[in-house]
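Taking it in order: structure first as structure tokens, then the write-up.
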Amino acid sequence: MSAAANTVDAVDPAELDVLRRHWHPVARSDAIDDGPVGVVLLGRPLVVFRSGGQACVATDRCPHRGSPLSMGSYDDDCLVCPYHGLRYAADGRCVAFPSRPDARLPKRLTLETLHTRESHGLVWACAGEPASDDPPDWRFYDRPDVQTIQIGPDRWLASASRVAENFNDIAHFSTIHRVTFGPSDRPVAPQKITATDGGFTSSVGVYQQYRNTLDGSVEEVEAAYRYDFTFPFSCELTITYPDGEIECIQLSALPESATSSLVFQQSARTNLGNDPVEPWRDFQAAVNEEDRVICEALQPREVPFRLDNTGEVALPTDAFSIAYRRLWKSLCP
Ligand code: FES
Ligand SMILES: [Fe+2]
């Protein structure tokens, strides 16, 4: 990750209230196998760790003398504080103090834990009472017939709402991605957005450059794009190519602050056979970089869904962003 998180720009209290009730990705599953990691969720430092095989998320502060637990390590299936070595279990309880094995451990030596789930390659956390039982059902990632890649997490100095809205924007491919996707002067097809339990779904045909993985040839094809969006920031795009290959791109943004996000992306793809995944990962990373630059430059920094006069003008290709803003406004009047 490049720039430091901007944790100064506090999220609006009404939005904070909404965001605290939803799932946010906090780490890749493999990132916590060898030690804890620290992240910031909505301005709050958290430690993500594994104990007894279980992924856990807690406030990143040891109640003894305030050490960040994300600087710690693992021992005997416990999270070890880096300062004086207190051991914490999955439920946040302090279970051992090796310097004084017989010492009575006060109950207050307990970490504040968050609701945590681990699924499809990622660890998710919810800071309040979850509005839904589980994070998005990204099961395509675990299909037995796919190859997978994970990218990031990468810090974007942009609001998570801008990141999510951009992922679902279908009218920027020939401009922002003209280098990676190739130029195209084809019109953008109409897109109908349908509400689901957790967000939206839509399907649209998109002309794009497609590299045949068998013979390496590149041609322009019309691919079927299906978007499945889970409020507030989780996006899944399933692309079906004319030859039957399916590529599924999953992206979610951890809101560190109002203007800083940690972007998690992973993709699964059929038909890749034994081809190396590196060129595919490099391509996706290049696409993301093009998106990051424009997302960080947009003004205002957050999607202005709560303003009556946003100073923006909607276009016929903005079906997703119009629905997204309406949903935000209904939850956060
Ligand atoms: S600060 Fe954690 S054990 Fe002392
Ligand atoms: Fe993009």
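A few notes on this one:
- Listed by position, the strands (runs of 3 or more DSSP E) contained in segment 192-270 that have at least 1 residues being under 18 Å from residue 283 (Cα atoms), open to solvent by less than 40 Å² (accessible area, probe 1.4 Å) and of a type in the set (S, T, N, Q) are 199-211, 234-240, 246-257, 260-269.
- Residue among 103, 127, 158 that alone is at pLDDT below 95 and either of a type outside the set (S, T, N, Q) or not assigned by TED's automatic domain parsing to the domain that holds residue 45 (or both): 103
- Complete set of residues in segment 34-61 that are outside any strand (DSSP E or B) and either within 20 Å of residue 138 (Cβ to Cβ) or of a type in the set (Lys, Arg) (or both): 61
- The residues of segment 283-300 that are at pLDDT below 90 and open to solvent by 80 Å² or more (accessible area, probe 1.4 Å) amount to a single one, 283.
- Selected residue (only one of 182, 152 is open to solvent by less than 20 Å² (accessible area, probe 1.4 Å), in contact (Cβ under 8 Å) with a residue 24 or more places away in the chain, out of contact with any Ser or Thr (no Cβ under 7 Å at 6 or more places or on another chain) and at positive phi): 182
- Criterion (touching a residue at least 12 places away in the same chain (Cβ under 8 Å), surrounded by 18 or more Cβ atoms within 10 Å (Cβ to Cβ), out of contact with any strand residue (DSSP E or B) (no Cβ under 8 Å at 6 or more places or on another chain) and not acidic (Asp, Glu)) met by exactly one of 119, 67: 119
- Residues satisfying the criterion are present in segment 76-85 (criterion: within 16 Å of ligand 1 (Cβ to nearest atom), of a type in the set (Val, Ile, Thr) and buried (at least 18 other Cβ atoms within 10 Å of the Cβ)).
- Of all residues in segment 135-149, those that are of a type outside the set (D, E, K, R) and farther than 15 Å from residue 234 by Cα total 5.
- Selected residue (criterion: surrounded by the most Cβ atoms within 10 Å (Cβ to Cβ)) from residues of segment 160-179 that are part of a loop (DSSP other than H, G, I, E, B) and of a type in the set (D, E, K, R): 169
The values are calculated or read from the model by the stated rules, or taken from the named source; none is laboratory data. None of these values were measured; they are calculated from a predicted model. Cβ atoms come from the backbone with ideal geometry, glycine included; neighbour counts cover every protein chain shown. Ligands, DNA and RNA are excluded from the accessible area calculation, which covers all protein heavy atoms including side chains. Shrake-Rupley method; radii C 1.70, N 1.55, O 1.52, S 1.80 Å.
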